[in-house]
Amino acid sequence: MQIWIDADACPRAVKEILFRASTRLQVGLCLVANKSLAKHNGPLVETIVVADGFDVADDYIAEHAAPTDLVVTADVPLAELLAAQGVKL
């Protein structure tokens, strides 16, 4: 299991909650965005910066998220696609 965050518009407060959950549960967390993000120190946190462009971060998450993963997004079309793939939202 891994936690994926569609990080382009995710509020910092939500990210902080997820960072703590990742540490507590010892589950990897991956932030995906098309811009640089503030660094977060932690062995379980990874940041992926994708190319700039419409839905590039969404496409990356959709290609890499597995049905055992959890994805946090406010993007309805991405959520619909992931739900069809059996990914938890």
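The values are calculated or read from the model by the stated rules, or taken from the named source; none is laboratory data. Please read these numbers as outputs of a predicted model, since none were measured by experiment. Heads up, the Cβs are rebuilt from the backbone with ideal geometry, glycines too, and the neighbour counts pull from every protein chain shown. We work out accessible area using only protein heavy atoms, side chains counted, and drop any ligands, DNA or RNA first. Shrake-Rupley method; radii C 1.70, N 1.55, O 1.52, S 1.80 Å.
Accessible surface computed residue by residue for the chain, with neighbouring protein chains in place and a 1.4 Å probe, gives 58 Å² per residue.
On the principal axes of its alpha carbon atoms, the stretch 39-89 extends 33, 27, 18 Å, with the longest extent given first. Straight Cα distances below 18 angstrom link Lys35 to the aspartates and glutamates Asp6, Asp8, Glu46, Asp52, Asp55, Asp58, Asp59, Asp75, with same-chain residues fewer than 8 positions distant left out. Note on the chain: with charges restricted to the Cβ of Lys and Arg (+1) and Asp and Glu (-1), its dipole about the Cα centre is near 580 debye.
Here the label points at Arg24 and Thr47, each 7 Å from Cα along the C-beta direction, are separated by 2.4 nm in the simple model. On the beta carbon distance between Ala84 and Lys39, with R0 = 35 Å, the FRET formula returns roughly 0.55. Once backbone amide H atoms are built at 1.01 Å from N, Cys30 has Ile3, Trp4, Ile5, Glu46 as its partners under 5 Å, excluding neighbours fewer than 5 places away on the same chain.
Report in % the part of the accessible area of the chain that belongs to carbon and sulfur, leaving out ligands and nucleic acids; probe 1.4 Å. On the chain, the fraction of accessible area on carbon and sulfur atoms equals 59 percent.
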